[in-house]
Amino acid sequence: MVRAERNGRLFDAFKEKAVVAIGWPALGDLSQAKSRKAISDALGKVYAGAKPQSQAMAAGQLHRFVNEMAPGDMVVTYDPSRRVYLVGEISSAYRHDTSIDPEDTQVRSARWHGEVSRDLLSVESRNSLGSISTLFRLSNEVAAELKKALSGNISPPTDITAPIGEAAEDDVFENMASRAHEFIKDKVNALSWEEMQELVAGLLRSLGYKTRVSEVGPDRGKDIVASPDGFGFEAPRIVVEVKHRKGAMGAPEVRSFLGGRHPQDKGLYVSTGGFTREARYEAERANIPTALMDLDDLVKSLLEQYDKLDLETQQLIPLKRIFIPAWS
C-alpha cells in the first residue's frame, strides 16, 4: 500500500501517470543507497532535526520502496474522497523523478488494473488498510480479498454479518484506545518531578480545589495541599505526596506519609512506580481517608478531566481529541 499523500492528494496523478511515489525530496536520488543503513545515514545528514524514531521509520519505508519492491509486486493506493482503492502492480525499477510532484520524488511506475470500492471489503480488511503509514505491506488475506473484489467475485457485506463486523470494529477501537493510553502514559512518565507535581496540582484544580505546591526540599511528607480556600483552612484539606521514580512504594513510605497528617486531613499518595500490596493494605487501614494513585490511575483521571484543566497544565501533556464511530 502506497499512500497518495494526505487526503489522497496525489491519487489522480498516480492513476493518470501510472506511478506511485513517496516523499523525502531533500534526499535526492537514492539509486546508490543499496541498504537500509545507507538510507538511514542519508536521512541523518539531511533531516538532522528529525526525531530518531521518525528517522528509523522513514528509513524502513524508503528502503522497502527503493530496494525491496520489484516489478510484478502488487500495489494499492486509496482515494478517501471516493472511498476506492486503485489496484495494480509495480512495473519498473526505482527512479528519482521530480515531474510527478515536488514533494514526492521517489518514484516507481505502476500498471493499474482497476478500482475496488471500500464498501465491498470485510471489516477486517478495511481496518488493516486503515494504517496511516506512507507505505506498508498488505497481508496475504487482504491482498487476496482485493484481487477477488477486482475480479467481481465478491458481494458487499450483508446485514447477516453486521454483528460480527461490529464486534471486530469494537476490538479495533479498543486496541486503538489501549495504544493511545499507553502512549499518554509514556508522555506522563517522561515528565520531570517538578512537572509531575504541577500536573497533579492542575488535576486537583480541575476538580474545583485551590492548590499550594511545596518548594523543592524537605516537605514533611507533603508536596501539594489542596482545599476550597487554597490555604487549608476550609474542609476538605487534601494533602498530596508525589513520588515520580521507578520502583513501587511500600508500606513504610505510606506509613511515613500518614504519620504527619491531622485527623481532618484527606490523603492522596501519587506514585508513578506503583505500590506494593502491603502499601495498599496500609492505606486501607489508615485512620484518615487515603487514596493511592499509580500511573494508570493518574492518566485515567487526566483524560476524564482534560477539558477542565487550565492551559498551563494541558501544555504539560498536549493531547488532541479524535472521533471514532460508536455503535448505537
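Candidates Ile317, Ile324: the one that is in contact with a Lys or Arg (Cβ under 6 Å, 6 or more places away or on another chain) and at negative phi is Ile317.
Within the stretch 1-24, the residues that satisfy the criterion of being of a type outside the set (Phe, Trp, Tyr), touching a strand residue (DSSP E or B) at 6+ places or on another chain (Cβ under 8 Å) and either farther than 27 Å from Lys147 by Cβ or not in a helix (DSSP H, G or I) (or both) are Met1, Val2, Arg3, Ala4, Leu10, Ala18, Val19, Val20, Ala21, Ile22, Gly23.
Restricting to the stretch 40-70, name every residue that is within 19 Å of Ala93 (Cβ to Cβ) and among the polar types (S, T, N, Q). Of everything in the stretch 40-70, those that are within 19 Å of Ala93 (Cβ to Cβ) and among the polar types (S, T, N, Q) turn out to be Gln61, Asn67. Of all residue pairs spaced 6 or more apart or on separate chains, none has beta-carbon atoms under 6 Å together with a first member in the stretch 198-209 that is of a type in the set (Ser, Thr, Tyr) and a second member that is surrounded by fewer than 19 Cβ atoms within 10 Å (Cβ to Cβ) and in a loop (DSSP other than H, G, I, E, B).
The stretch 129-225 holds helices (runs of 4 or more DSSP H) entirely within its bounds, and those carrying 3 or more residues that are at pLDDT 90 or above and within 30 Å of Met69 (Cα to Cα) map to 140-150. Note on the stretch 253-288: among residues that are charged (D, E, K, R) and in a loop (DSSP other than H, G, I, E, B), the one that is nearest to Arg237 (Cα to Cα) is Arg261. All told, Ser81 meets the bar of being modelled with pLDDT under 90 and part of a loop (DSSP other than H, G, I, E, B). Being modelled with pLDDT of 80 or more and more than 29 Å from Ala26 (Cβ to Cβ) is the requirement here; does Ser117 meet it? Against the criterion (modelled with pLDDT of 80 or more and more than 29 Å from Ala26 (Cβ to Cβ)), Ser117 qualifies.
With the structure loaded, tell me whether Val66 is in a strand (DSSP E or B) and surrounded by 14 or more Cβ atoms within 10 Å (Cβ to Cβ) or whether it fails that test. Show your work before the answer.
Working: in a strand (DSSP E or B): no; surrounded by 14 or more Cβ atoms within 10 Å (Cβ to Cβ): yes.
So Val66 fails the test.
Checked against the criteria, Lys15 counts as more than 23 Å from the chain's Cα centre (by Cα), surrounded by 13 or more Cβ atoms within 10 Å (Cβ to Cβ) and not aromatic (Phe, Trp, Tyr).
The values are calculated or read from the model by the stated rules, or taken from the named source; none is laboratory data. Computed from a predicted structure; not experimentally measured. In this analysis, Cβ positions are derived from the backbone assuming ideal geometry, glycine residues included, and neighbour counts consider all displayed protein chains.
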